């Protein structure tokens, strides 16, 4: 991965408390897994930034090596990699995701 791509990824993560690297946008997900994570974040009423990896091939490949995680979507909360769709779904179902968001003082929509 080149430095420009690495910086782009790091800047997105640094600038957004909750950052989701996904296929498509939060309003128009382009895959079921991205849609599932987006829906969970919307149900929790969390403000988040969706980064469309389909707009940039080097970003799409770079995020996988950045996190050492092979799939997209990828969720970051306060600079920390949380996981992909299956992990986020499991954490949502057992209440762990909401607890992490609260512990990290993430702003929920009013």
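From 21, 48, 33, which residue is surrounded by 13 or more Cβ atoms within 10 Å (Cβ to Cβ), more than 23 Å from residue 1 (Cβ to Cβ) and touching a strand residue (DSSP E or B) at 6+ places or on another chain (Cβ under 9 Å)?
Testing whether each residue is surrounded by 13 or more Cβ atoms within 10 Å (Cβ to Cβ), more than 23 Å from residue 1 (Cβ to Cβ) and touching a strand residue (DSSP E or B) at 6+ places or on another chain (Cβ under 9 Å) leaves just 48.
Being in a helix (DSSP H, G or I), in contact with a strand residue (DSSP E or B) (Cβ under 8 Å, 6 or more places away or on another chain) and surrounded by 16 or more Cβ atoms within 10 Å (Cβ to Cβ) is true for just one of 5, 38. Which residue is that?
Of 5, 38, the one residue that is in a helix (DSSP H, G or I), in contact with a strand residue (DSSP E or B) (Cβ under 8 Å, 6 or more places away or on another chain) and surrounded by 16 or more Cβ atoms within 10 Å (Cβ to Cβ) is 38.
Just to be sure, is residue 54 crowded, with 18+ Cβ neighbours inside 10 Å, farther than 21 Å from residue 101 by Cβ and more than 13 Å from the chain's Cα centre (by Cα)?
no
Sort out which residues of the stretch 8-34 are outside any strand (DSSP E or B) and out of contact with any helix residue (DSSP H, G or I) (no Cβ under 7 Å at 6 or more places or on another chain), and write them in order of number.
Of everything in the stretch 8-34, those that are outside any strand (DSSP E or B) and out of contact with any helix residue (DSSP H, G or I) (no Cβ under 7 Å at 6 or more places or on another chain) turn out to be 10, 11, 12, 13, 14, 15, 16, 17, 27, 31, 32, 34.
Which of the residues belonging to the stretch 73-85 are assigned to a loop (DSSP other than H, G, I, E, B) and more than 12 Å from residue 21 (Cα to Cα)?
78, 79
Go through the residues of the stretch 60-72 one by one and say whether even a single one is within 26 Å of residue 99 (Cα to Cα), under 11 Å from the mean Cα position of the chain (by Cα) and part of a strand (DSSP E or B).
So far as the stretch 60-72 goes, no, none of its residues is within 26 Å of residue 99 (Cα to Cα), under 11 Å from the mean Cα position of the chain (by Cα) and part of a strand (DSSP E or B).
Which residue is surrounded by the most Cβ atoms within 10 Å (Cβ to Cβ), if the candidates are limited to the stretch 64-95 and must be on the phi > 0 side of the Ramachandran plot and without any contact (Cβ under 8 Å) to a residue 60 or more places away in the chain?
In this case the residue turns out to be 83.
We did not get these values from a lab; they are worked out from the coordinates using the rules stated. Keep in mind that this is a model prediction, so the values were computed, not measured. Glycine gets a Cβ as well: all are built from the backbone with ideal geometry, and neighbour counts include every protein chain shown.
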